[in-house]
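Worksheet: the structure to be examined is printed underneath.
The values are calculated or read from the model by the stated rules, or taken from the named source; none is laboratory data. Nothing here was measured: the structure is a model prediction, and the numbers come from that model. Neighbour counts are summed over all protein chains in view; Cβ atoms, including those assigned to glycine, are modelled from backbone coordinates with ideal geometry.
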Amino acid sequence: AQSVSQHNHHVILSEAASLELGCNYSYGGTVNLFWYVQYPGQHLQLLLKYFSGDPLVKGIKGFEAEFIKSKFSFNLRKPSVQWSDTAEYFCAVSLDSNYQLIWGAGTKLIIKP
Amino acid sequence: GAVVSQHPSWVICKSGTSVKIECRSLDFQATTMFWYRQFPKQSLMLMATSNEGSKATYEQGVEKDKFLINHASLTLSTLTVTSAHPEDSSFYICSAREGVSHEQYFGPGTRLTVT
């Protein structure tokens, strides 16, 4: 069965540190890739998405992610985090044959001011 | 951007009663709507997928007679939790997609507490 794994369940960083959150999926076919963010007390928002084309995608709030097909990965990065980036981040994948999202377990990111 | 609303945002009900949660796409036509459940400190669990005018497709382990889903129009889906029990207390989230897009737009969620 297809699955999505996020390597870190909790990450604590200081402001201005660089961030990389790992996401790997298991599926050999065509996929669509997403990162969603859930700020405390708020609903899920799309950070960025990859459907095709340039494997380096830029999202909102300075986030970017790189799709590496050979590694089945879609890691999320931000060069310099801010306190307001404290949130839970979810990686999700949908298959071209199916509109359902397969979710990672989420990574809780805490930024120390 | 596409907006999805849910109503109510929170509800408290007594054990044995039924609760209806509405999910609306405000500025687009939702080809498909999804219902999720989110437990504390956990990821989303897909409960069911519904296409307008069709019966919902439930995920394994989700009781279709307990969680009734109706998707009567392209902008409205409802989830009714029937004969609610305290273990049904959870955060219920809907999402919607349009056309052939794989992107899902999420509602703000409904916190259900069954006493």
TODO: Would you check if there is a residue in the stretch A:57-67 being of a type in the set (A, V, I, L, M, F, W, C), touching a strand residue (DSSP E or B) at 6+ places or on another chain (Cβ under 8 Å), without any contact (Cβ under 8 Å) to a residue 12 or more places away in the chain and under 23 Å from B:Val100 (Cα atoms)?
DONE: yes
Task: Members of the stretch A:98-113 found to be at pLDDT below 90, within 16 Å of B:Gln104 (Cβ to Cβ) and either more than 8 Å from chain B (Cβ to nearest Cβ) or in a strand (DSSP E or B) (or both), listed by number - done: A:Asn98
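Do we have A:Glu20 as in contact (Cβ under 8 Å) with a residue 40 or more places away in the chain, within 29 Å of B:Arg111 (Cβ to Cβ) and of a type in the set (D, E, K, R) here?
Considered against the rule, which asks whether it is in contact (Cβ under 8 Å) with a residue 40 or more places away in the chain, within 29 Å of B:Arg111 (Cβ to Cβ) and of a type in the set (D, E, K, R), A:Glu20 comes out as no.
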TODO: Scan the stretch A:33-88 for residues that are among the aliphatic types (A, V, I, L, M), within 14 Å of another protein chain (Cβ to nearest Cβ) and out of contact with any Phe, Trp or Tyr (no Cβ under 7 Å at 6 or more places or on another chain) and report the count.
DONE: 1
- [ ] For B:Ser50, work out the one condition from (1) loosely packed, with under 14 Cβ neighbours inside 10 Å; (2) within 14 Å of chain A (Cβ to nearest Cβ); (3) among the hydroxyl-bearing types (Ser, Thr, Tyr); (4) in contact with a His (Cβ under 9 Å, 6 or more places away or on another chain) it doesn't fulfil.
- [x] (1)
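Determine which member of the set B:Thr113, B:Thr82 is over 24 Å from A:Gly41 (Cα atoms) and either of a type in the set (Ser, Thr, Tyr) or in contact with a Ser or Thr (Cβ under 8 Å, 6 or more places away or on another chain) (or both).
Just one listed residue meets the conditions, B:Thr82.
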TODO: Go through the stretch B:68-105 and count every residue that is crowded, with 16+ Cβ neighbours inside 10 Å, β-branched (Val, Ile, Thr) and touching a residue at least 60 places away in the same chain (Cβ under 8 Å).
DONE: 2
TODO: Working carefully through the options A:Ser5, A:Ser94, find the one that is surrounded by 15 or more Cβ atoms within 10 Å (Cβ to Cβ) and under 25 Å from B:Glu59 (Cβ atoms).
DONE: A:Ser94
